[in-house]
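As structure tokens, the structure follows; a few thoughts come after it.
The values are calculated or read from the model by the stated rules, or taken from the named source; none is laboratory data. Since the structure is predicted, the reported quantities are computational estimates derived from the model, not experimental observations. FYI the Cβ positions are ideal-geometry reconstructions off the backbone, even for glycines, and counts take in every protein chain you see.
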Amino acid sequence: MHMKQHILAALREEFEQWEELLASRSEQQITTPNLPGDMSIKDSIAHVMAWQQRSIARLEAAVLNREPEFPAWPAVLNPDSEDTDTTDYLNAWIYESHHQTPWTDVQRDWRTGFLRFLELGAAVSEKDLLDSSRYPWLNGYPLAFILIASYDHHQEHLEKLQG
């Protein structure tokens, strides 16, 4: 199996695991805060969905051969920063931005976004996906890193829900 196919297969499996988890829970179980930080499963889904929108922007940029057009986030902070304080602030902002959104909307947006992410990943050639110099706006990272990071992020939150 080629690397691209392997990565996309892992992402599809991750998506299916999330779908199974969500199907096994009632809306009340999904929306009731019972996770660290007084978060619900819905809040966790909104969190990974918001971060994945940035990944979708990168994949769209690759497919359209242009610079990424990211969703509007607080302009004072760099979402690509490794700084823990910045990440914590952005995660709090994501929570506040989506906490009151109805579950059906969060689920729809997450699902649509994940499927779009898979579609875009499939549209990029394996050569372009693995070439760390292909997209200068990735600062030396290959586009495959974006796919793998999204998988890791979803997996991290799924493990917390299953544990």
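Numerical summary
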{"item": "Which numbered condition F145 fails, given (1) touching a residue at least 12 places away in the same chain (Cβ under 8 Å); (2) out of contact with any Asp or Glu (no Cβ under 8 Å at 6 or more places or on another chain); (3) among the aromatic types (F, W, Y)", "result": "(1)"}
{"item": "Search result, residues across region 1-37 that are among the basic types (K, R) and without any contact (Cβ under 8 Å) to a residue 24 or more places away in the chain", "result": "R25"}
{"item": "Residue list for region 136-163, filter: in contact with a Phe, Trp or Tyr (Cβ under 8 Å, 6 or more places away or on another chain) and small (G, A, S)", "result": "S150"}
{"item": "Odd one out for A149, checked against (1) within 20 Å of L8 (Cα to Cα); (2) more than 14 Å from the chain's Cα centre (by Cα); (3) not in a loop (DSSP other than H, G, I, E, B)", "result": "(2)"}
{"item": "Wholly enclosed helices (runs of 4 or more DSSP H) of region 1-106 bearing at least 3 residues at pLDDT below 90 and over 15 Å from the mean Cα position of the chain (by Cα)", "result": "84-98"}
{"item": "Conditions (1) in contact (Cβ under 8 Å) with a residue 12 or more places away in the chain; (2) under 24 Å from L22 (Cβ atoms); number of the one not met by L138", "result": "(2)"}
{"item": "Every residue from region 9-46 that is surrounded by fewer than 18 Cβ atoms within 10 Å (Cβ to Cβ) and under 14 Å from R108 (Cα atoms)", "result": "E19, A23, E27"}
{"item": "Any hit, region 127-135, residues being of a type in the set (K, R), in a helix (DSSP H, G or I) and either within 30 Å of A23 (Cβ to Cβ) or touching a Ser or Thr at 6+ places or on another chain (Cβ under 7 Å) (or both)", "result": "no"}
